[in-house]
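The values are calculated or read from the model by the stated rules, or taken from the named source; none is laboratory data. Keep in mind it's a predicted model, so treat the numbers as computed, not measured. Neighbour counts are summed over all protein chains in view; Cβ atoms, including those assigned to glycine, are modelled from backbone coordinates with ideal geometry. Protein only, heavy atoms only, side chains kept; ligands, DNA and RNA dropped before computing areas. Shrake-Rupley method; radii C 1.70, N 1.55, O 1.52, S 1.80 Å.
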Amino acid sequence: METGRVLISEEEIAQRLSEMGEQITRDYEGEVVLVVGVLRGAFMFMADLARHIRVATEFDFMAVSSYGSATKTSGVVRILKDLDEEIAGRHVLVVEDIVDSGLTLQYLLRTLKLRRPASLEVATLLLKGDMQRVPVDVRYVGFTIGPEFVVGYGLDFDQLYRNLPYVGVLDQHSL
Ligand code: 5GP
């Protein structure tokens, strides 16, 4: 299987997640946070980040699929699995794998806001430095990357590569 080149190593991810966890711990001190993982891409990031959060934490999951081609989203989002929990009055932290155009996240946040959480913030492992991005407020960003299509550490291409322990870029010929 072609894996391409490493963009962000396991060590870099571990170091950054520990910093993000500390920041989240400070920000939510004395509160209970409901961490909402967006499946499937965020599963690995969520699990590793959670180990660094030192406040009372609960977990829930959503699954969404964005319509569009394999590598570009259209912003039309379908909720495949909704939350099990009610979020009214709770501190919700949405955990995403990657924000590109921001359309998926914008839709998700709009939907969740209508349910009146006490607070609603976002942690993403990766943010693409995309000038076309819609304005979405992302409080916690792991890494800002270029426009290339990345895989690994939860992120897929055609459902493969999610298990790579690092974030990589596939070689052009393997796409
Ligand atoms: P957005 O709506 O922000 O443009 O795109 C968000 C979704 O598109 C992500 O949750 C992810 O599923 C997919 N996506 C965007 N860029 C990449 C990428 O570089 N690699 C992978 N594997 N998925 C991506």
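Structure values in brief
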quantity	calculated
Helix 10-27 axis, angle to the chain major axis (alpha carbon atoms, nearest 10°)	20
Calculated FRET efficiency for the pair Arg5/Leu83, C-beta based, R₀ 35 Å, to 0.05	0.45
Of Leu49, Leu80, Leu127, the one that fluctuates the most in a GNM where the chain has Cα springs shorter than 10 Å	Leu80
The range 29-129 - percent of accessible surface contributed by carbon and sulfur, probe 1.4 Å	51
Beta bridge orientation in the range 13-125: antiparallel %, DSSP, nearest 5	15
Gaussian network model of the chain, springs between alpha carbon atoms under 10 Å - residue of Val95, Val35, Val134 with greatest fluctuation	Val134
Residue-averaged 222 nm ellipticity for the chain, from DSSP H runs of 4+ at -39500 (n - 2.57), nearest 500	-6500 deg cm²/dmol
For the range 18-54 and the range 105-175, distance of Cα centres in Å	15
Residues of the range 136-166 with amide N under 19 Å of a point placed 7 Å along Cα→Cβ from Ala47	151-157, 159-166
Heavy-atom accessible area per residue - the range 92-148, 1.4 Å, Å²	46
